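Sharing a structure, written as structure tokens. Questions coming.
The values are calculated or read from the model by the stated rules, or taken from the named source; none is laboratory data. Only a predicted model underlies this, so the values are computations on that prediction, with no experimental measurement involved. Here the Cβ is made from the backbone with ideal geometry for all residues, glycine too, and neighbour counts use every protein chain on show. With ligands, DNA and RNA removed, areas are computed over all heavy atoms of the protein, side chains included. Shrake-Rupley method; radii C 1.70, N 1.55, O 1.52, S 1.80 Å.
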Amino acid sequence: MSTETAKARPADNRVAPPSWLRRYGSQLGIIGVGIAMWLSFVFAAPAVFTNIDIYKAFAQTTPQFGIIALALTFVVITGEIDLSFPSIMALGTATFCLLAQAGVPWPIALTGAFVVGAMCGWINGTLVARLNIPSLVITIGTSFLFRGLELVLMNGTGVPLTADQYPALHAIFREPVFGVPVQTLWMIAVAVVLWILLNRTRFGAHVFLVGDNPTSARLMGVDVVSVKTRAFMLVGVVAVLAGVMTSVYGYYFWPTLGDGFLLNTIASVFLGGTSVFGGTGSIVGSFVAAYIIGAINAGIVSAGINAFYTQLCFGLVIVLSVVLQTIIERRIRRQSITGR
């Protein structure tokens, strides 16, 4: 190329996006969506959304599915999905109730419930990772399996979990701490632990590697089967925690525990910026998205809109968020490669 040609061609001043934007872009996006929705709700129903009681209600109910969304983020980052966690919630909580009714001290009974949750996750992870069965298919099957086992064990009956019978459990999972709903404190604690696990440990790094390219991960010496199995086990344990918390909050264990949690939990993960293709995701995004999902229903009703529009709004928010995240990720990736 001649000097004259080089001088005649205008310089391309476009530069690649900064590294912090590439890393935290999806998290900043979902936080922006949350702020925008909150402002719209305040404008539509100021009497409700300037009252602290509505936020206490969110803080009590959202963690019941939001905690699971935090753990499910690990599985989705690996490129898989788990649809069986509502049944694991019920089976693990049923295990706790049966052990407690048999006279086992509640801490041991709770530990046994967590073990059952981990075993359910191990079954899911082994079938998916070791036998290469699509997780969408196998977790539908195990969902029926775990739910059926729970119904057989409980004979379709529930168990009361009153404060008189389990005062320590109510103190841990239901009573507010300095006026703050303890459910949200639990969700914050779980979020902090899982954020560290995902972003500051070797296991977390392997989760991203497996989700981005499992073949490359294997060539780098990563045990893909172990990583995916442990991710499913994490969901199982956290699902049992959410199940016990939900039952204690309602003073009763119902055999149908977990029904209605599936869509809200999965929506929180994808709305939070975790890619359906795996390889990317964040705990912060899932945390904020869970509270957005929890606020939509109350916001619609408080604004005087028919409650039948709730699912319509859910669908619009999720579809638009996923589409925008996909467009932004592709643009950032293209700019990172080409430098423009």
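So which helices of the chain fit the span-like rule, where a helix is a whole DSSP H run, its Cα atoms reach 18 Å or more along the axis, and its mean Kyte-Doolittle is at least 0.5?
19-44, 63-77, 85-101, 106-125, 135-154, 182-199, 224-249, 283-302, 310-338
Put K228, K56 in order of accessible area, largest first, 1.4 Å probe: what do you get? Show your work: numbers first, answer last.
Details: K228 25, K56 85 Å².
Ranking K228, K56 by accessible area, largest first, yields K56, K228.
Where only protein heavy atoms count, and the probe is 1.4 Å, what is the accessible area per residue for segment 128-202 in Å²?
58 Å²
Rounded, prolate or oblate: which fits the chain when a ≥ b ≥ c are the square roots of the eigenvalues of the alpha-carbon gyration tensor, with rounded for a/c under 1.5 and prolate only if a/b beats b/c?
Cα axes put the chain in the oblate bin.
Largest first, how would R331, R174, R130 line up by accessible area (1.4 Å probe)?
Listed by decreasing accessible area, they come as R130, R331, R174.
Calculate, in nm to one decimal, what N132 and V180 gain on full extension: separation in residues at 0.36 nm each, minus their alpha carbon distance.
12.8 nm
I've got another one for you. Taking only Cα atoms and a 10 Å spring cutoff, compute GNM fluctuations for the chain and point out the largest among V116, V240, V104.
Comparing V116, V240, V104 in the GNM, the peak value goes to V104.
Taking only C-alpha pairs under 8 Å that are 6+ residues apart, what is the relative contact order of the chain in percent?
Details: 492 pairs, mean separation 109.4, N = 340.
Computed value for the chain: 32 percent relative contact order.
Report the FRET efficiency, 1/(1 + (r/R0)^6), for I140 and D223, where r is their Cβ-Cβ distance and R0 is 35 Å, rounded to 0.05.
On the way: r = 26 Å, r/R0 = 0.75.
Step by step, r from the Cβ atoms, then E = 0.85.
Specify whether the C-alpha gyration tensor of segment 237-281 places it in the rounded, prolate or oblate class, a ≥ b ≥ c being the square roots of the eigenvalues: rounded for a/c under 1.5, otherwise prolate if a/b is larger than b/c and oblate if not.
prolate
At 0.36 nm per residue, and after removing the present C-alpha to C-alpha distance, how many nm does the segment from Y252 to R331 gain when stretched out fully? Display every interim value, and only then the final one.
On the way: separation 79, 0.36 × 79 = 28.44 nm, distance 4.93 nm.
Using 0.36 nm per residue and subtracting the Cα-Cα distance, I get 23.5 nm.
Here is a follow-up. State whether segment 58-102 is rounded, prolate or oblate according to the following rule on the C-alpha gyration tensor (a ≥ b ≥ c being the square roots of its eigenvalues): a/c under 1.5 gives rounded; otherwise a/b larger than b/c gives prolate, and the remaining case gives oblate.
Here segment 58-102 falls in the oblate category.
Quick check: with the 1.4 Å probe, what order do C313, C120 take by accessible area, largest first?
The ranking, largest first, comes out as C313, C120.
Could you report the accessible area of D223 in Å², rounded to 10, computed with a 1.4 Å probe on the protein chains as they sit in the structure?
D223 has an accessible surface of roughly 90 Å² with all protein chains in place.
Quick check: the distance between the Cα centres of segment 222-245 and segment 172-217, to the nearest angstrom?
What the calculation gives is 11 Å, centre to centre.
Would you kindly find the accessible area of D53, with a 1.4 Å probe and non-protein molecules such as ligands, DNA and RNA excluded, rounding to the nearest 10 Å²?
90 Å²
Moving to a separate point now. For S226, what accessible surface area do you get with a 1.4 Å probe? Give it in Å², rounded to 10.
Looks like 40 Å² after rounding.
Once R0 is set to 35 Å, what does the formula 1/(1 + (r/R0)^6) return for the Cβ-Cβ distance between V115 and A36, expressed as a FRET efficiency to the nearest 0.05?
It comes to 0.25.
If you don't mind, there's one more thing I want to ask. Considering only protein heavy atoms and a probe of 1.4 Å, how much of the accessible area of segment 159-249 is carbon and sulfur, as a whole percent?
Solvent-exposed carbon and sulfur of segment 159-249 make up 65 percent of the total.
Given springs between every Cα pair under 10 Å in a Gaussian network model of the chain, which of S87, S268, S302 has the largest fluctuation?
Per the Cα network of the chain with a 10 Å cutoff, S302 tops the list.
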